Structures are given as C-alpha cells and as structure tokens.
1. Quick one: which of Thr174, Thr121 is in contact with a helix residue (DSSP H, G or I) (Cβ under 8 Å, 6 or more places away or on another chain), farther than 23 Å from Gly5 by Cα, open to solvent by less than 60 Å² (accessible area, probe 1.4 Å) and not acidic (Asp, Glu)?
2. Just give me the residues in segment 22-43 being open to solvent by 60 Å² or more (accessible area, probe 1.4 Å) and in a helix (DSSP H, G or I), in sequence order.
3. If a residue must be open to solvent by less than 60 Å² (accessible area, probe 1.4 Å), in contact (Cβ under 8 Å) with a residue 24 or more places away in the chain and under 30 Å from Arg327 (Cβ atoms), how many such residues does segment 200-217 contain?
4. For the list (1) under 20 Å from His214 (Cβ atoms); (2) surrounded by 20 or more Cβ atoms within 10 Å (Cβ to Cβ), I need the number of the one condition that Leu71 fails.
5. I need the full set of residues from segment 200-230 which are part of a strand (DSSP E or B) and either within 26 Å of Thr32 (Cα to Cα) or under 16 Å from the mean Cα position of the chain (by Cα) (or both), in order please.
6. Among the candidates Val15, Val81, which residue alone is part of a strand (DSSP E or B), at pLDDT 95 or above and either out of contact with any Asp or Glu (no Cβ under 6 Å at 6 or more places or on another chain) or open to solvent by less than 50 Å² (accessible area, probe 1.4 Å) (or both)?
7. Take the residues in segment 299-320 that are touching a strand residue (DSSP E or B) at 6+ places or on another chain (Cβ under 6 Å) and part of a helix (DSSP H, G or I), then tell me which one is surrounded by the fewest Cβ atoms within 10 Å (Cβ to Cβ).
8. Can you give me the number of residues within segment 134-157 that are outside any strand (DSSP E or B), open to solvent by 20 Å² or more (accessible area, probe 1.4 Å) and either of a type in the set (Phe, Trp, Tyr) or at pLDDT 90 or above (or both)?
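The values are calculated or read from the model by the stated rules, or taken from the named source; none is laboratory data. Predicted model only: the values in this text are computed from it and were never measured. Cβ sites come from the backbone with ideal geometry, for glycine too, and all protein chains shown count toward neighbours. Side chains included, ligands, DNA and RNA excluded: accessible areas come from the protein's heavy atoms. Shrake-Rupley method; radii C 1.70, N 1.55, O 1.52, S 1.80 Å.
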Amino acid sequence: MVRIGVTGSYGKTGVKNILATFLSEKCKVYATPESYNTPMGICIAVNRMPADTQIFVAEMGAKRKGDISRLCDIVKPVVAVVTGIAAQHLATFGSIQNVIDTKAELPSYVAKAGGKSYFNTDNDYCKLMYRDAEGEKYRVGFGGECYAKEISVCGEGSEFTLCFSGGEEVRCKTPLLGAHNVSNITLAAAVAYGMGVSPEQIAAAAGKLRPVPHRLQIVENSAGITIIDDGYNSNEEGARAALRTLAAFKGRKIVACQGLVEMGKAERDANFALGREIAFVADIAVLIGINADDMREGALSAGMADGSIFVKRNLAEAQQLFAEIMRKGDVLLIENDLPDNY
C-alpha cells in the first residue's frame, strides 16, 4: 500500500479530497474522512480502511512542534504533500518559524524513507521549504512539475489549462470556486501524474469535484439569496481566498465574519488587516464576537462607511440581522467559524 501524507496551514482537506478523486481514476483509494487529522482521528480512519485499499491519503494537522512527526510514525508515508504555510495556531506554535519547522517534519520523514515530496511553491514559505528539503522533491507552480495557465474564475467555478512537466497540456473545468482551488487542483494533479494518472483522467476527475462542506460551499435559498458557506476556514490565507471568491459574484455582497483566533500576540493586527480586506470587497460587513471591534477598526481605516458595518455579540444576533437587511440577489459569505471554547 502506498501511504501519502498531506499537511499545511491551509488547504489540507481540499487537496486530500481532490487527490483521492484523481487517484481513484486508477486505483483503490481511501482517505481520512472530513478533517480527521490528529493521532486519534487517523487511528479511527485506519480502523475503517477497506481491506482492498491500494493508496491511503492521510491529512495531517498540527498545533505544536513534533505533532507531524508523531503522525508520520502512525501513517509511515512515502509521499509528502505540503499545501501552504501561514501564520496559524501561533498561540501554541509561538512563531511562524516553528510552523515551518513542524510542517517540514513530513518531507523530512519521507526523504529518510526514500520517498517523494511535493511542495506548493505558489506559497513563499513552501518555496523556502522546497529549497531546504532533502531527498526526491518536486515544486508545483509556474515552471514546476505542474502549473495552470489561461485561468478563468467566476461564481460557477473555474476553467484552466494544466501543463505538466512531460509537455502534456489538458483543459479542465471544475465547479470548485476560487483561484486558490485551481492551485489546490494543480498540486493534487502533480502528485497524481507522478503516480501514473493521465492528464485526461485528471481533467475528467476535475469535473466531478465537489466542495468540502462549509468550505466555499454554495447554498441557494428560496428567497433568491446566494450563501457562500466558508465557516470552517480559520486562517488568513483562507479568508483572503474566500473574499477573492466573493468578489467574482454579481449582486450586493455581505460578509459575516467572526475573525481569526489562536494567533497569540499577532491576533489583533491580523483581525485589523482582515477588516481592511473585507472593506475592499463587501458592501455590508457583519462582524461577530470577540474580534469584531478590531475588524471594524480595520474596515473603517480602509474607507468603509460606518453605516455599512454591523457589530453583533453572537451568531444568533447576526442571524436576526440577516432577516432584516437581506434581499433577493444578495450574496452572503459566512467566514471563519470559531472553535468551541470561544
């Protein structure tokens, strides 16, 4: 059985699911369900694994140095996939360097096992990790093992051309939203291509992809309002990607956001910056909970009118406001859910 580990600060679940879909064109594949990415979650997944599995794809999460090494001891991967690095869980990691070092535990383990590592070099931190990595390694992005060109993104999905290192090109169309998902598809395509899946099989599978629940999932309602459910995202890169996706939609744009947490001393500045990002895209901002004031200050600093910003204590209050202000044709982005202890 081939064992693949997928890690990163963001994009893990999406890339894992995309890769499993691509590889399923050729082999019997089993991937950890949902966001099962801890030692307990992976052990539960392994116990449910079908006996005829040929490829196991494991999502690997971390909050402290050494977490990925422990997961590698369980999974024993021979292929590493690094999706991207961002300032996440800094309250437990302490620094972005600790995040980088922890995610690098996966390619380090795979190199010692004589395997292959793939890095999303659209991300600057991943470029550095690729540079320093040992063993057989591949960079994914422009000029790398696989990259996308002629990209067209809209509210109904994306179209693009995948270009592979062997010279092959294939046109793809996917219902997944956002340019970041093109990057996720490109990374998964490079791994699948390296394992013998043809470009044509990859293109066919790209058309079958569906969003992960609560990660840029479109929900239509009877009132003619489009809801973009991105409630499971909780990092800076994911929030930016969601806002870029919202910008591609027509209609009045409303953002409901609870902000970024578990970022230690960087939390206030991160939420101020997020407020500015929201102001550049949204017509109305509904800011919720403990980070609302910091996001509001950021939005105001970017020129958003005070009358377009609503601050609410909790989701129940926000939902009541939605009923009062929303109308047919609106697009609502629900961004950044909070962990249970908030």
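1. Result: Thr174 is the single residue among Thr174, Thr121 that is in contact with a helix residue (DSSP H, G or I) (Cβ under 8 Å, 6 or more places away or on another chain), farther than 23 Å from Gly5 by Cα, open to solvent by less than 60 Å² (accessible area, probe 1.4 Å) and not acidic (Asp, Glu).
2. Residues satisfying the conditions are Pro39, Met40.
3. 3
4. (1)
5. Gln217, Ile218, Val219, Ile228, Asp229, Asp230, listed by residue number.
6. Val81
7. The extreme case among them is Ser308.
8. 4
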